[in-house]
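As structure tokens, the structure follows; a few thoughts come after it.
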Amino acid sequence: MKQQTILASVLALLLAFCAGSAGAATSGDYTYLPADGMTAELISYSGSESEVIIPAALDGYTLIHIGPGAFTANKTLTAVTIPEGAVSIETATFSECENLTSVSLPSSLKSIEKNAFFWCTSLRSISLPSGVTSIGKHAFYHCDSLTSLTIPAGVTSIGEEAFAYCGALTLTVTQGSYAEAYAQENGIPFVYAP
């Protein structure tokens, strides 16, 4: 009975993925899913470049979401620039990109979802824009090389173990902020922003 339940769950996920990918289009090394005639979600990258600058638009569609798993386990990626206009980095977008060292984020970014940078063990440089309000569960889990990160004062949600196994990390937080309380509750070293 348990195996049937697991099989049914796997089939449901597969069908949901296939339905979600219907209507996907390709532009160069990028596959995207148009949303409303003007915007799109990047759903995969098939290129082999080590330094990637994601375009702000593909075939006239503005990229607003960098989709789930779009770069997962990409072993050649060392640096990525996310375009202005993107508002979210979705679940596991860069998960297990073990050679990724730097990420440039746009000022338009609002959320970093769960597992977004999970196990990016070489990640050293990332600066969160002031508009970010939420950081998901395990977002920076096991980012061993990350030594400092400033959490914007407007962040009102940080998921469970967002910075677990980031042994070298010290957060910079605003005094009295949600990020300060989170750091204290989770035993994460922090300093106050000037």
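The values are calculated or read from the model by the stated rules, or taken from the named source; none is laboratory data. Quick caveat: nothing in here was measured; it's all calculated off a predicted structure. Cβ atoms come from the backbone with ideal geometry, glycine included; neighbour counts cover every protein chain shown. Keep in mind that these areas ignore ligands, DNA and RNA; they rest on the heavy atoms of the full protein, side chains included. Shrake-Rupley method; radii C 1.70, N 1.55, O 1.52, S 1.80 Å.
Could you do me a favour and compute the accessible area per residue for the chain, 1.4 Å probe, result in Å²?
Numbers: 9530 Å² over 194 residues.
I get 49 Å² per residue for this part.
Inverting the mean 1/r over all pairs of different Cα atoms, compute the Kirkwood radius of the chain and quote it in Å.
17.4 Å is the Kirkwood radius here.
Report in % the part of the accessible area of region 113-169 that belongs to carbon and sulfur, leaving out ligands and nucleic acids; probe 1.4 Å.
Working: 1050 of 2320 Å².
That share works out to 45 percent.
Once the other residues with Cβ under 13 Å from the Cβ of residue 67 are scored (Lys, Arg +1; Asp, Glu -1), what is the net sum?
Working: positive: none; negative: 41, 90, 113.
Within the 13 Å Cβ shell, the charges total -3.
Compute the acute angle (0 to 90°) between the alpha-carbon long axis of helix 2-21 and the principal axis of greatest extent of the alpha-carbon atoms of the chain; round to the nearest 10°.
Rounded to the nearest ten degrees, it is 80.
Set the Förster distance to 22 Å, then compute FRET efficiency between residue 191 and residue 110 from the Cβ-Cβ distance, nearest 0.05. Let's see the in-between values first.
Values: r = 25 Å, r/R0 = 1.13.
About 0.30, to the nearest 0.05.
If R0 is 35 Å, what FRET efficiency do you get for residue 38 and residue 130 from their C-beta distance, rounded to 0.05? Provide the component values of the computation, followed by the final result.
Numbers: r = 26 Å, r/R0 = 0.73.
For R0 = 35 Å, the calculated efficiency reads 0.85.
Please find, in a Gaussian network model of the chain (springs between Cα atoms separated by less than 10 Å), the residue of 112, 126, 89 whose mean-square fluctuation is greatest.
Its mean-square fluctuation being the largest, the pick is 126.
Could you tell me what % of all Cα pairs in region 48-155 have separations over 17 Å? Before the final figure, lay out the partial values.
Values: 2802 of 5778 pairs.
Roughly 48 percent, once rounded to a whole number.
Using a 1.4 Å probe, how large is the accessible area of residue 61, given in Å² and rounded to the nearest 10?
Taking all protein chains as shown, residue 61 has close to 60 Å².
Please give the contour-minus-distance gain from residue 184 to residue 122: 0.36 nm per residue of separation, less the Cα-Cα distance, rounded to one decimal in nm.
On the way: separation 62, 0.36 × 62 = 22.32 nm, distance 2.55 nm.
Full extension of this stretch gives 19.8 nm more.
Of all DSSP beta bridges located in the chain, what percent are antiparallel, nearest 5? Don't jump to the answer; show the numbers that get you there.
Working: 10 of 36 bridges.
If we restrict to bridges inside the chain, about 30 percent are antiparallel.
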